[in-house]
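The values are calculated or read from the model by the stated rules, or taken from the named source; none is laboratory data. Nothing here was measured: the structure is a model prediction, and the numbers come from that model. Here the Cβ positions follow ideal geometry from the backbone for every residue, glycine too, while neighbour counts run over all protein chains shown. In case anyone asks, the SASA skips ligands and DNA or RNA and just uses the protein heavy atoms, side chains included. Shrake-Rupley method; radii C 1.70, N 1.55, O 1.52, S 1.80 Å.
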Amino acid sequence: MSKYAFGVDIGGTSVKMGLFDREGNVLDKWEIPTVKDNSGASILPDVAESILAKLKEKGLREEEVLGVGVGVPGPMNDEGTILGGAVNLGWGSFNIPEALGAYIKIPVKAANDANVAAFGEMWQGGGKGYDSLVAVTLGTGVGGGIIVKGRLLVGAYGAGGEIGHIHLEDNEAESCNCGNKGCLEQYTSATGIARLAKRYLAKHDTPTVLREQSHLSAKTVFDAVKAGDAVAQEIAGQFGDYLGKGLAMVSSVVNPEIFVIGGGVSKAGEVLLSYIEPYFKKYAFGKCKETKFALAKLGNDAGIYGAAALVLQ
């Protein structure tokens, strides 16, 4: 019987990889560089070579491996075909399981990296014990992964879970990276929180430790929140209002059991949830107010766990 699975998380600078047993224990994890030369032509051959080398190192055979799960930064359908390409890798549209399967004799499954990370958090992280959840990644942008009754919701065009681009603000002059204006991402990502802080400081002359910072960031804002700075707390309230409202909209459509909050901003800890939950309850519909919140637990390993779960679950 097949006892193992590989989880592969392909990023713009490195490919994270893990070997797992059927119970979800990570037996080994490592990284290889993402070589994007020649439109990323060597990425999948490099992944296959690394997997075969790991099998040899561990004294395992390909037939002992149930499958290889792969997370890719780009919109994908249920069959593992990239829709419109993965821009950060230089890839066009093609089917990942077929392409990687040309190099290894192991079944392959693939999905969008944010969706895969959500699957990882459901399987062994902050969402363990639930089968309907929304994972929210607060980083440079805002990503999302939606799971309903244990199944990833990817949508007709692979854009299911793009919660960072929910429209929240009509009176926004700056453009989001997507080209629209007033997206959730513009106020609740790491860069969005810094934007809220800069705008507040430009508009008010209230004393605050934030004025002493040479570089305003989400971390400096939440460090000041923890230190009791009133201005930082007001900015955190603006952040919580935007994200609470956005997630209330999501809950009215998907009605998850739990929101799992991850990404770099989540390193602020439980204080982050204390600013999101009250606003969520303020805006949420009826029974949706009962949705739980938790911090993600797997950090940068969520992708390899979720990728392995694609084949183990």
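Here is a yes/no grid of residues against (1) β-branched (Val, Ile, Thr); (2) open to solvent by 20 Å² or more (accessible area, probe 1.4 Å); (3) farther than 22 Å from residue 11 by Cα:
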residue: 114; (1), (2), (3): no, yes, no
residue: 127; (1), (2), (3): no, no, yes
residue: 150; (1), (2), (3): no, yes, yes
residue: 179; (1), (2), (3): no, yes, yes
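Restricting attention to the range 203-217, does a residue exist that is closer than 25 Å to residue 182 by Cα and β-branched (Val, Ile, Thr)? Full working, then the answer.
Pass one, the range 203-217, residues closer than 25 Å to residue 182 by Cα: 203-204, 210, 215-217.
Now narrow it down to the ones that are β-branched (Val, Ile, Thr): none.
No, every residue in the range 203-217 fails to be closer than 25 Å to residue 182 by Cα and β-branched (Val, Ile, Thr).
Going through the range 101-119 one residue at a time, which ones are within 26 Å of residue 187 (Cα to Cα) and in a helix (DSSP H, G or I)?
Once the filter is applied, which keeps residues that are within 26 Å of residue 187 (Cα to Cα) and in a helix (DSSP H, G or I), the range 101-119 yields 113, 114, 115, 116, 117, 118, 119.
Would you say residue 186 is of a type outside the set (Lys, Arg), open to solvent by 20 Å² or more (accessible area, probe 1.4 Å), in a helix (DSSP H, G or I) and at pLDDT 95 or above?
Values: of a type outside the set (Lys, Arg): yes; open to solvent by 20 Å² or more (accessible area, probe 1.4 Å): no; in a helix (DSSP H, G or I): yes; at pLDDT 95 or above: yes.
Against the criterion (of a type outside the set (Lys, Arg), open to solvent by 20 Å² or more (accessible area, probe 1.4 Å), in a helix (DSSP H, G or I) and at pLDDT 95 or above), residue 186 does not qualify.
In the range 22-41, what residues are free of Cβ contacts under 8 Å to residues at least 40 places away in the same chain, over 16 Å from residue 302 (Cα atoms) and either open to solvent by less than 80 Å² (accessible area, probe 1.4 Å) or assigned to a strand (DSSP E or B) (or both)?
The answer is 32, 33, 35, 41.
Which of (1) assigned to a loop (DSSP other than H, G, I, E, B); (2) of a type in the set (Val, Ile, Thr); (3) crowded, with 16+ Cβ neighbours inside 10 Å is the odd one out, the single condition residue 47 does not satisfy?
Result: residue 47 passes all but (1).
Can you name the number of the only condition in (1) in contact with a helix residue (DSSP H, G or I) (Cβ under 9 Å, 6 or more places away or on another chain); (2) farther than 19 Å from residue 12 by Cα; (3) open to solvent by 10 Å² or more (accessible area, probe 1.4 Å) that residue 97 fails?
Failed condition: (1).
Mind counting the residues in the range 236-292 that are in a helix (DSSP H, G or I), surrounded by fewer than 19 Cβ atoms within 10 Å (Cβ to Cβ) and aromatic (Phe, Trp, Tyr)?
So the answer is 1.
Here's the yes/no breakdown for (1) closer than 18 Å to residue 116 by Cβ; (2) open to solvent by less than 20 Å² (accessible area, probe 1.4 Å); (3) in contact (Cβ under 8 Å) with a residue 60 or more places away in the chain:
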{"position": "43", "(1), (2), (3)": "yes, yes, no"}
{"position": "51", "(1), (2), (3)": "yes, yes, no"}
{"position": "63", "(1), (2), (3)": "no, no, yes"}
{"position": "71", "(1), (2), (3)": "yes, yes, yes"}
